[in-house]
Amino acid sequence: MTELRSAPHERLGLSVESIMLNVVLALLPIALFSIWLYGLSALVLLLTSVIVCLATERLFNHLSGQSSTLGDWSAMITGILLALVLPPSFPLWMTAVAAVAAMGLGKILFGGLGMNVFNPALVGRAFVQAAFPSAIATWVPSYAPNRFHEFIPTTLTPPLMIPPDITAWTKAVSADAFTGATPLAMWKFQHQLTAPEDLILGIATASVGETSAMLILVCGLYLALRGMLDWRIPVGMMGSAIALAYAFHLYNPDFFPPPFFVLLSGGLMLGALFMATDMATSPVTPLAVWVYAILIGLVTVLIRYFGGLSEGVMYAILFGNALAPLLDRSLPTRVFGRRKARKVAS
Amino acid sequence: MKPGEHPLTAFENFMEGIWKQNPVFVMVLGMCPTLAVTVSAINALGMGVATTFVLVFSCLLVSAIRNWVPKEVRIATYIVIIASFVTVVDYAIQALSLDLYEALGAFIQLIVVNCIILGRAEAHASKHPPLTAVVNALGMGIGFTIGLFALGSVREIFGAGSLFGIALFGPSFQPWIVMLLPPGGFFVLGAWLLLFAGWKQRKEAKDGA
Amino acid sequence: MSEPSPKSAVEITAGWRLMAALGGVALLCGVLIVAAFQSTLEPIAKNRRIALERSIFSLIPDGVTLHIYAVSTQGLILLRSDQSMPKGAQRVYAVYDAHRQLRGLVAEAGAVGYADVVRVLYAYDPQRQAIVGFAVGAHRETPGIGDKIRTDAAFQKNFVALEARLDVSGQSLAHPIRTVKHGSKRQPWEIDAISGATITSRAVGRGINDSVSVLLPRLRPHLDKLESPP
């Protein structure tokens with residue numbers, strides 16, 4: 001399989017499989033840390049997501065008469081990423097729905113790996129966000145005392161049924177006043193800022209894998225240093241988000257949060273390093289990559305500040321994905337001495 | 001029909017809209033009501049029956065006057081005829097059930113611009129005698145109703161856990177909200193089209209072998 | 001087997017033929033529409049009346065009869081079934097029980113919610129000076145979220161006795177009706193929002209407040225007229 005990417009891949013002798021495997025390895029510490037934070041529920045959530053993603057891919061391979069494509073690790077990555085962006089209390093049957101939507105709707109219908117327009121994990125997340133809006137906005141505290149012995153009550157909801165109310169359970173397991181809102185929602189609807197150290201260390205309420213900004217950054221750096229991740233995308237995305245947040249903060253410091261909060265809260269870090277960088281759904285030419293990354297960062301901040309939702313990374317990246325082919329086409333690399341030939345090639 | 005083909009029997013003529021030329025699954029016509037009103041099985045049936053009524057009577061009238069209407073003004077007359085029958089249906093539904101009328105909303109009036117009806121009037125009824133035209137229109141209408149029902153029932157089952165308002169999974173069913181929203185219409189339509197295309201491909205492969 | 005066109009493209013149809021064809025079709029269709037209109041007029045009016053009475057009597061269970069009044073700055077006018085609403089007036093349904101006692105007034109309200117205008121019907125009890133019933137009419141709020149205003153039992157409880165008292169001047173509400181965040185209702189004139197459907201809940205509160213604060217000052221001088229049916 002030939003990967004049409006910039007030259008370093010060729011020089012390093014990388015294949016799709018080895019890159020994908022390294023992404024899986026880079027995601028493992030994040031997944032393990034979330035299991036430490038949320039216990040059994042996070043573990044089975046990850047397992048369900050990965051198994052259903054692999055099974056869906058295999059099933060469609062079978063239906064379309066292809067040989068198995070499980071060996072390229074990409075379905076595994078989608079499974080892990082999907083679990084990382086879901087709330088820890090998400091019922092397993094809904095996780096399975098999200099995984100089927102991610103693989104079926106987000107990837108296979110487009111023709112499989114490399115053909116998909118949108119990041120499959122985010123397609124799955126967007127689908128369940130629209131289908132089960134209340135379940136996906138139910139948050140639980142981390143470090144629950146019994147997390148390695150018992151499930152969060154909603155995890156084992158019978159298929160097709162409404163998850164039980166866990167307000168009482170949440171009160172019982174959380175030490176201090178747990179509000180059941182993410183840091184972004186707290187800022188947006190109650191105007192309270194979460195302490196930066198909570199965000200960095202992963203104490204704050206969040207999706208399974210959006211917890212420790214520091215850990216995500218380290219894992220992303222590993223990939224970037226090995227040349228398996230386009231460093232321009234996280235830099236452009238975080239840079240533009242910080243710049244816009246800083247401008248708003250200067251304009252009205254009482255209302256708009258400081259830039260560190262925008263950077264560390266929610267899914268910005270995970271999105272910038274592991275979602276927006278998906279090779280199949282991001283642009284190729286350097287200029288297009290910059291525009292793509294900066295656009296996602298700006299849209300994220302705009303949705304967070306002015307949209308109806310408290311978090312905007314998912315829709316911002318999907319929006320960027322949709323624009324990626326257009327960006328590539330309108331911002332091509334000029335090949336030295338062959339200005340006209342470009343048209344023929346495309 | 002194209003010249004050179006043998007004439008259809010009455011049964012083939014009737015089945016054309018239900019199967020070979022199904023307005024929803026094959027011609028993909030009239031998507032506005034197809035996607036908008038199919039949030040429940042009963043809405044889908046109501047819309048289908050209303051459209052069938054307009055389709056049959058418009059085609060009957062268009063066919064009956066086809067030799068008197070000069071071609072320069074034919075589209076204008078078709079539109080007037082279709083709009084009249086839509087108005088009749090509009091009043092009739094209000095008289096029968098206000099609940100259904102409110103559920104279908106503006107989409108009753110929008111039958112006027114449903115491309116199936118003008119399409120059949122122009123492509124079929126204006127070239128065939130009344131009986132043939134009515135049989136064909138009836139088949140088309142039934143095919144359209146089947147298409148709407150296929151969408152409406154799936155969307156109601158997932159979106160509300162019921163069919164014709166009868167709960168299927170008990171009170172603690174978790175509705176899939178997305179199925180009731182416009183994207184759900186696209187998803188379900190896409191799934192049906194996929195199913196039909198796959199089925200057709202398999203059948204052709206079998207016929208070829 | 002498309003028949004060959006009887007006229008070739010060069011031939012031009014005479015103007016009067018075009019007019020006659022269009023006129024004939026128009027005449028035919030006109031007759032059709034008028035016939036349909038005339039024959040469905042009565043059942044439609046009956047359906048409308050039944051639907052309206054059903055929703056109004058569901059708000060005031062003791063109600064047996066209702067009369068429609070047009071309330072404007074000029075005062076009260078009793079509307080007969082064939083009269084249309086005067087301009088700038090607000091429609092109020094006065095509901096009476098079997099003993100010809102006024103059981104409540106029902107009016108319509110509306111405000112922009114999440115998707116479009118949310119229309120509600122509310123019942124006002126002049127004796128208790130409170131809103132005592134509430135029903136949701138046409139709306140396009142998100143299914144499963146915004147449409148909880150119709151099903152959420154806790155939200156419906158807000159309207160068992162929602163205070164709507166005029167101040168001493170009689171020109172405005174003593175306490176405007178307002179929607180507060182879920183779980184923070186402290187006063188009888190506050191509406192406890194549905195958590196997750198705050199925008200729709202607020203629209204309901206705003207719509208009722210706007211309607212009540214116009215209607216009550218206009219109604220106040222004429223309340224005695226409404227005590228018994230005309």
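The values are calculated or read from the model by the stated rules, or taken from the named source; none is laboratory data. In this text, all values refer to a predicted model and were calculated from it rather than measured experimentally. Every residue, glycine among them, receives a Cβ derived from its backbone with ideal geometry; neighbour counts consider all protein chains shown. In case anyone asks, the SASA skips ligands and DNA or RNA and just uses the protein heavy atoms, side chains included. Shrake-Rupley method; radii C 1.70, N 1.55, O 1.52, S 1.80 Å.
Some values worked out for this structure:
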read-out	value
Solvent-accessible area lost in complex, 10 Å² minimum, residues of the range C:141-161 relative to chain alone, 1.4 Å	C:T142, C:P143, C:G144, C:I145
Interface area, C with A, accessible, probe 1.4 Å, both sides summed, Å² nearest 100	100
For chain C, built as a Gaussian network whose Cα springs stay under 10 Å, the top-fluctuating residue of C:I177, C:I77, C:I12	C:I12
Test item: A:158-164 mean partner chain Cβ contacts at 10 Å	4
Pairwise FRET efficiency - C:Q129 versus C:Q74, Cβ, R0 = 22 Å, nearest 0.05	0.40
Delta accessible area of at least 40 Å² on complex formation, residues of the range B:92-107, 1.4 Å probe, chain isolated as reference	B:Q94, B:A95, B:L98
Accessible area of C:D210 in the full protein assembly, 1.4 Å probe (Å², nearest 10)	80
Exposure ranking of A:V117, C:V106, B:V26 by accessible area [1.4 Å probe, largest first]	B:V26, A:V117, C:V106
Heavy-atom SASA rank of B:I42, A:I303 (probe 1.4 Å, accessible area, largest first)	B:I42, A:I303
Selected from C:T179, B:A205, B:V28, residue furthest toward positive end of dipole (the protein assembly as shown; charges at beta carbon)	B:V28
Most mobile listed residue (C:P217, C:P43, C:P188) in chain C, GNM with C-alpha springs under 10 Å	C:P43
Portion, in percent, of the accessible area of the range C:26-97 that falls on carbon or sulfur, probe 1.4 Å	59
Gyration tensor verdict on chain B (Cα atoms; rounded if a/c is under 1.5, prolate if a/b is larger than b/c, oblate otherwise)	oblate
Carbon plus sulfur fraction of accessible area for the range B:1-138, probe 1.4 Å, in percent	72
Sites B:A205 and B:K20, calculated FRET efficiency, Cβ-Cβ separation with R0 30 Å, nearest 0.05	0.95
Whether the protein assembly as shown is rounded, prolate or oblate, judged on the alpha carbon gyration tensor where a/c under 1.5 counts as rounded	oblate
Area hidden from solvent between A and B (accessible, protein heavy atoms only, 1.4 Å, total, Å²)	1200
Chain-alone versus full-assembly comparison, the range A:124-156, residues with accessible loss of at least 10 Å² (1.4 Å probe)	A:F127, A:A130, A:A131, A:F132, A:P133, A:S134
Cα-centred dipole magnitude for the protein assembly as shown, charges only on beta-carbon of K, R (+1) and D, E (-1), debye, nearest 20	1360
Area accessible to solvent at A:R304, 1.4 Å probe radius, in Å²	0
Accessible-area value, C:F159, 1.4 Å probe, nucleic acids and ligands omitted, Å²	0
Solvent-accessible area buried by B and C, counting both chains, probe 1.4 angstrom, square angstrom	2500
10 Å Cβ neighbours from other chains, averaged over peptide A:290-302	0
Low-density loop cleavage sites - chymotrypsin sites (Phe, Trp or Tyr not before Pro) in the range B:1-105, where at most 16 other Cβ are within 10 Å (DSSP)	B:W68
Among B:E122, B:E72, B:E156, residue whose mean-square fluctuation peaks in a GNM of chain B (springs only between Cα atoms under 10 Å)	B:E72
Over the range A:109-159 - Rg/Rh using Cα atoms and the Kirkwood inverse-distance radius	1.14
Cα gyration tensor, chain A - rounded (a/c under 1.5), prolate or oblate	oblate
Exposure rank, largest accessible area first [C:Y96, A:Y251, C:Y114, A:Y222; 1.4 Å]	A:Y251, C:Y114, A:Y222, C:Y96
Calculated FRET value between C:D167 and B:I166, using beta carbons and R₀ = 51 Å, to 0.05	0.50
Whole-number accessible area per residue in Å² for the protein assembly as shown, which is evaluated in the context of all protein chains at 1.4 Å	48
